[in-house]
Amino acid sequence: MNKVVALVDCNSFYVSCEKVFAPSLRNKPVVVLSNNDGCAISRSQEAKDVGIAMGAPIFKCEELVKRHDVKVISANFVLYGDMSQRVMSTLSTFSPNVEIYSIDEAFLSLDGFEHFGYLEYGREIRKTVKERTGIPVSVGIAPTKTLAKVANHIAKDNPKMGGVFYFTDENDIDCWLEKTPVKEIWGIGREKALFLNRNGIMNALQLKNAPDEWIKKHLTIVTLRTVKELRGIPSLSFDETQPDKKAIVTSRTFGYEVRSLSEVEEAVSAYVSKAAEKMRHQNSVAGYLQVYIETNPFKGSYYRNSASIDITPPTAYTPQLVTIAKRLLSKIYKEGYRYKSCGVMLTNFSNENLVQQDLFNPVYTESQNQRLMKVMDGYNRSANGGQLFFAAEGLGKPWFMKQSHKSKRYTTRWDELLEIRI
């Protein structure tokens, strides 16, 4: 076991973020809802214990919510994003090689840290993250990423482990893999798990011992990599930097059913502006734009349509992208429908500094438009109060998604700082 990887996973991350700033929620059932206050996307252990399932529509849980006094909170992604950065920043002090896997998970390379004792080092990681951020984490330590995932589940599901688990040797690994259903292995989806079960492979140890030729014949090379990872052979690369996105999609369900073109135009303009800002953050320009609109498939006449266009030369100038998006919307919008959602996609990205010159149209690079966008983005990143936006996005945004139980943005807004009464 020369290579050693730790997977650090925040426990019930969204709920944990809320509990940091509302201690009264501790030891109580808490649920964080998805956009438009639809489904449960994060649950405290107490909420799990009373029977609220992951992804359950909250309206179907009203009886449970009332009976057990469950605290229901609207998602506050600004808060969660900032808390995630704080957790990841803390983790970076424990290893020079950190791969951020998701908003609440990261892999750490622990090569060369054996003199600390891996189990003790994992406990120190857990303790420090809790002290600095208030977020509880579980730590799984193993020779590969896939085994670290398994170790993390063991640490999380077994309170006696104290939130940290380390695979010490081959026998230890095999013992736990035999207890792990194959469907719980990272990279084994539902369909693969059903196929493996039909062929007598029920647990992770049986998958580990399956012949390579059988795996390649009946499954994929990716699955073979997973099998090798279970054998302790590192087969998944360690990416220390996040690759640039190949496409950016921004979409939301409206807070109510929209019937006017002007409101849909506002929403499309706002989504284009948001997507363009994300794209500029990675120094890209878009060569393709798509817009879609959709009605409620479960209510009234259903209609969904999309329109797209290649953009030459590619650009990241929001006013131009908004104009193109509204033109596309006008081609697919139909009167008489009640629209439930819309969205935009930017893709076919190029580096903004490597755009080919165009004989008939000015390019975005080194233009006044590019300078204007940099000033706007810079101001919005630093502004605490009102931000700059385009009039096409609308002022009141009555169509915006419902968030009836949203907490404050405690860490990013001066006017929403936590108040302590003495």
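The values are calculated or read from the model by the stated rules, or taken from the named source; none is laboratory data. Worth saying up front: this structure is predicted, and the values here are computed from it rather than measured. Don't worry about glycine lacking a Cβ; one is built from the backbone with ideal geometry, like all the others, and counts go over all protein chains shown. SASA here: full protein model, heavy atoms, side chains in, ligands and nucleic acids out. Shrake-Rupley method; radii C 1.70, N 1.55, O 1.52, S 1.80 Å.
For the chain, calculate the relative contact order in percent as a whole number, restricting contacts to Cα pairs under 8 Å that are 6 or more residues apart.
It rounds to 16 percent for the chain.
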Hydropathy first: keep DSSP H helices in the chain averaging at least -0.5 on Kyte-Doolittle, then drop any whose Cα extent along the axis falls short of 20 Å, and list what survives. 77-91, 261-281, 318-332
Helix-only [θ] at 222 nm, the chain, -39500 (n - 2.57) per DSSP H run of 4+, per residue, nearest 500, equals -11000 deg cm²/dmol
Note to self: with every protein chain in place and a 1.4 Å probe, the range 24-111 gives an accessible area per residue in Å² of 47 Å²
Write down, largest first, the equivalent ellipsoid semi-axes of the range 307-381 in whole Å, where each equals the square root of 5 times an eigenvalue of the alpha-carbon gyration tensor. 28, 17, 11
Ignoring ligands and nucleic acids, R413 exposes an accessible area, probe 1.4 Å, in Å² to the nearest 10, of 50 Å²
Using modelled backbone amide H atoms (1.01 Å from N, in-plane), which distant-in-sequence or interchain residues come within less than 5 Å of N305's amide H? I293
Could you check the simple spin-label distance between I422 and K60, using points 7 Å along Cα→Cβ, in nm with one decimal? 5.0 nm
Kirkwood calc, the range 101-157, C-alpha pairs only, radius in angstrom 11.9 Å
The range 83-120-the range 259-318 distance, computed between alpha-carbon centres (Å): 37 Å
Students often get this wrong, so check it: of K156/K179; K60/K156; K3/K228, which have C-alpha atoms separated by over 19 Å? K60/K156
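Report the extension gain between D239 and N351 in nm, rounded to one decimal, defined as 0.36 nm multiplied by the number of residues separating them, less their alpha carbon distance.
38.2 nm
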Among C342, C61, C17, determine the one that fluctuates most according to a GNM of the chain built with springs between C-alpha atoms less than 10 Å apart. C61
If exposed means GluC sites (Glu not before Pro) lying in a DSSP loop and surrounded by at most 14 other beta carbons within 10 Å, then the longest stretch of the chain lacking such sites spans residues 1-239
Whenever you get a sec, compute what percent of the accessible area on the chain sits on carbon and sulfur atoms (1.4 Å probe). 50 percent
Quick one: what does P(r) look like for the range 1-61 with 5 Å bins over all Cα pairs, in whole %? 4, 18, 24, 20, 14, 6, 5, 5, 3, 1, 0
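Report, as a whole number in µm² per second, the diffusion coefficient that Stokes-Einstein gives for the range 165-304 at 20 °C and 1.002 mPa s using the Kirkwood radius over alpha carbon pairs.
109 µm²/s
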Longest site-free stretch - the chain; sites: chymotrypsin sites (Phe, Trp or Tyr not before Pro), DSSP loop, at most 14 other Cβ within 10 Å: 1-297
When the distances between all Cα atoms of the range 244-397 are binned every 5 Å from zero, what whole-number percent does each bin get? 2, 9, 19, 21, 19, 14, 9, 5, 2, 1
Kindly state, as a whole number, the per residue volume in cubic angstrom of the convex hull around the alpha carbon atoms of the range 1-140. 113 Å³
Mean shadow area of the range 77-174, taken as a quarter of the surface of its Cα convex hull (nm²): 6.4 nm²
Spherically averaged projected area of the chain from its Cα convex hull (nm²): 25.8 nm²
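Taking a temperature of 37 °C and a viscosity of 0.692 mPa s, what whole-number D in µm²/s does Stokes-Einstein yield for the range 257-342 with Rh from Kirkwood over alpha carbon pairs?
Translational D for this selection: 244 µm²/s.
At a 1.4 Å probe radius, which order do M83, M202 fall into by accessible area, largest first?
Per-residue accessible area, sorted high to low, gives M202, M83.
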